[in-house]
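J.: Just dropping this structure here.
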Amino acid sequence: MDKNSKIYIAGHRGMVGSAVYRVLEQEGYTNIIGRTSKELDLKDALAVKNFFETEKPEVVIDAAARVGGILANNEYPYQFLMENMQIQNNLIDQSLKSNINKFIFLGSSCIYPKFAPQPLKEEYLLTDSLEPTNEWYAVAKITGVKACEAIRKQFNKDFVSLMPTNLYGTHDNFDLKTSHVLPAMLRKFHEAKKNNEPVELWGSGTPMREFLFVDDMAKSVVFALENVLPEHLYNVGTGEDLTIKELAETIQKVVGHKGEIVWDSSKPDGTPRKLMDISKMHKLGWKHEVALEQGIEKTYTWFLENIDNFKQVKM
């Protein structure tokens, strides 16, 4: 990959997109472009077409999506389905029409069936039913994966999909209603420490989850950019998981909260376990670098430095 190639990152202000932007700059890439949602509405097909015709990117990285945790997915199913399909369809279709040879689509481990065998292999896609609490987002992402696969098959273009496990890190969404589990916990423990209160958390604490620091995800995107990956779909993760209870205790330790943790078992747990099989990426030569506690420390440091203006995504 030429370091002067024009690389468009859709969603360059989000947690993943901004990490990809940072890592590309660190690697010496000099021609990276991005647009905020105010500058370019990716749901508007004509606006996307005009942008591609004007800017003529050579590489497209799709890190743009409407994202959120169980609560947001449950309450806004239509937005999670339709807006994500509009965003990715416009980007994928326009990339094909603009003869883009390298397109990297970023999805989520929620594309796999709820009760698929563990760890999750890429070939388990579409073998059973999805987790109901986030199926709207999952269905949208599955259509993106299949669209990229179809383009590879029909037009022989290097369109590849990377499916990360649960991501966390700097520039995350810390809104308690729409965020994912790790940033929501981090904020809860911080506020409980400040107010000298116990922390109440959803569910039983028994589900197992895997977490990847966002800079490691960004490095996997650069790896996919600089190499021709032989297949259309790759899992990206650590290959290690822990219970939500263990996660809570790790965050509690990093934050320095000394109070009680109360589990509200009337609230849903979601999928019992979600561990990724990452052997395909490992065989190609990519591995994560940041251990969980170290990543949480980095995230908490950033949170404290940005306490007055951290991101809160409202629906």
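The values are calculated or read from the model by the stated rules, or taken from the named source; none is laboratory data. Please read all numbers here as calculations on a predicted model, not as lab measurements. Quick reminder, even Gly has a Cβ in these numbers, built from the backbone with ideal geometry, and neighbours come from all protein chains shown. These accessible areas exclude ligands, DNA and RNA; they are computed on the full protein's heavy atoms, side chains included. Shrake-Rupley method; radii C 1.70, N 1.55, O 1.52, S 1.80 Å.
J.: Run the Debye formula on the Cα coordinates of the stretch 263-309, all scatterers equal and no solvent, and tell me log10 I(q)/I(0) at q = 0.13, 0.29, 0.31 1/Å.
T.: For the stretch 263-309 at q = 0.13, 0.29, 0.31 Å⁻¹, log10 I(q)/I(0) is -0.65, -0.97, -1.03.
J.: Related question: Say each of Glu260 and Arg22 gets a label point 7 Å from the Cα, pointing the same way as Cα to Cβ; how far apart are those two points in nm?
T.: The answer from the label model is 3.8 nm.
J.: Of the heavy-atom accessible surface of the stretch 31-79 (probe 1.4 angstrom), what whole percent is carbon and sulfur? Write down the numbers at each step before the final one.
T.: Numbers: 1260 of 2570 Å².
The C+S portion of the solvent-accessible surface of the stretch 31-79 is 49 percent.
J.: For the chain, treating each Cα as an identical point scatterer without solvent, what Debye log10 I(q)/I(0) comes out at q = 0.09, 0.10, 0.12 1/Å?
T.: -0.44, -0.54, -0.79
J.: So how long is each side of the stretch 168-305 along the principal axes, counting just the alpha-carbon atoms, biggest first, in Å?
T.: 52, 34, 23
J.: Could you grab the relative contact order for the chain? Cα pairs under 8 Å, six or more apart, rounded to a whole percent. Please list the in-between numbers first.
T.: Details: 592 pairs, mean separation 63.8, N = 315.
Across the chain, relative contact order equals 20 percent.
J.: Could you work out how much longer the chain between Lys287 and Ser129 gets when fully extended? Use 0.36 nm per residue separation minus the Cα distance between them, nm to one decimal.
T.: On the way: separation 158, 0.36 × 158 = 56.88 nm, distance 2.98 nm.
Contour length minus Cα-Cα distance gives 53.9 nm.
J.: If the reach is capped at under 22 angstrom between alpha carbons, list the lysines near Lys193, excluding any in the same chain fewer than eight residues apart.
T.: By straight Cα distance, Lys193 reaches Lys177, Lys245, Lys253, Lys258, Lys298, Lys311.
J.: If R0 is 41 Å, what FRET efficiency do you get for Asn227 and Arg273 from their C-beta distance, rounded to 0.05? Write down the numbers at each step before the final one.
T.: Numbers: r = 30 Å, r/R0 = 0.74.
Taking R0 as 41 Å, the efficiency between Asn227 and Arg273 is 0.85.
J.: Also: Would you calculate the separation in nanometres between label points at Glu39 and Ile307, each defined as 7 Å from the Cα along the Cα-to-beta-carbon direction?
T.: Those two pseudo-labels are separated by 3.2 nm.
J.: Quick one: length gained pulling Glu191 to Lys49 fully straight, 0.36 nm per residue minus the C-alpha distance? Could the numbers behind the result be given before it?
T.: Values: separation 142, 0.36 × 142 = 51.12 nm, distance 4.47 nm.
Full extension from Glu191 to Lys49 adds 46.7 nm.
J.: Provide the percentage of antiparallel DSSP beta bridges, counting only those with both residues in the chain; round to the nearest 5. Display every interim value, and only then the final one.
T.: On the way: 2 of 32 bridges.
The answer is about 5 percent antiparallel.
J.: Just the Cα atoms of the stretch 91-223: what Rg and Dmax do they give in Å?
T.: 17.9, 60
J.: Full extension from Asn4 to Asn156: what is 0.36 nm times the residue separation minus their Cα-Cα distance, to one decimal in nm? Show your work: numbers first, answer last.
T.: Working: separation 152, 0.36 × 152 = 54.72 nm, distance 2.41 nm.
The span from Asn4 to Asn156 would gain 52.3 nm if fully extended.
J.: Could you give the dipole magnitude of the chain about its Cα centre, charging the beta-carbon of Lys and Arg +1 and that of Asp and Glu -1, in debye to the nearest 20? Before the final figure, lay out the partial values.
T.: Working: 38 positive and 43 negative charges, 82 e Å.
Dipole of the chain, to the nearest 20 debye: 400 debye.
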